[in-house]
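The values are calculated or read from the model by the stated rules, or taken from the named source; none is laboratory data. Since the structure is predicted, the reported quantities are computational estimates derived from the model, not experimental observations. Cβ coordinates were reconstructed from backbone atoms using ideal geometry, including for glycine residues, and neighbour counts include every protein chain displayed.
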Amino acid sequence: MKNRNAYQRAEKRVKKRLGFYLHLAIYIVVNFFLIVVYLSTAAPYFWPKWPLMGWGIGLLFHGLGVFLFSGKSHIIRQMIEKEMEKEI
């Protein structure tokens, strides 16, 4: 049972990381094409900066949630396990 739970937690973390990497890849591809459109139209104003910045902020928070603040789930999981032990 414990190995199965550990496997499920590891699988969940891997899926979150893969989700972030997919998000990053789509961000790069879409914004690359936006910059190509900008360069092909020779517009005087660099308008792709708005989607780059807006989406970039979202991507930043996604990355922080996946890599930096994922430790909170570990603390919550431990608290739940302690509460479950009290019930038994």
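Things to note:
- Some residue of the stretch 59-69 being small (G, A, S) and surrounded by 13 or more Cβ atoms within 10 Å (Cβ to Cβ): yes
- Taken together, the residues in the stretch 9-27 that are surrounded by 13 or more Cβ atoms within 10 Å (Cβ to Cβ) and aliphatic (A, V, I, L, M) amount to 1.
- Lone unmet requirement of (1) over 23 Å from G54 (Cβ atoms); (2) among the aliphatic types (A, V, I, L, M); (3) surrounded by 11 or more Cβ atoms within 10 Å (Cβ to Cβ) for A6: (3)
- Every pair of residues 6+ apart whose Cβ atoms lie under 6 Å, when the first sits in the stretch 46-60 and is over 16 Å from A25 (Cβ atoms) while the second is of a type in the set (V, I, T) and assigned to a helix (DSSP H, G or I): P48/I35
- Scanning the stretch 70-88 for residues that are surrounded by 13 or more Cβ atoms within 10 Å (Cβ to Cβ) and over 23 Å from the mean Cα position of the chain (by Cα) yields a total of 0.
- Sole exception among (1) modelled with pLDDT of 85 or more; (2) among the basic types (K, R); (3) touching a helix residue (DSSP H, G or I) at 6+ places or on another chain (Cβ under 8 Å) for R9, by number: (1)
- In the condition set (1) surrounded by 13 or more Cβ atoms within 10 Å (Cβ to Cβ); (2) touching a helix residue (DSSP H, G or I) at 6+ places or on another chain (Cβ under 7 Å), F46 is compliant with all but (1).
- Filter pass, V30 being surrounded by 12 or more Cβ atoms within 10 Å (Cβ to Cβ), modelled with pLDDT of 80 or more and part of a helix (DSSP H, G or I): yes
Each row is one residue, and each column tells you yes or no for (1) in a helix (DSSP H, G or I); (2) closer than 30 Å to N5 by Cβ; (3) at pLDDT below 95.
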position	(1), (2), (3)
I35	yes, no, no
A43	no, no, yes
G58	yes, no, no
K82	yes, yes, yes
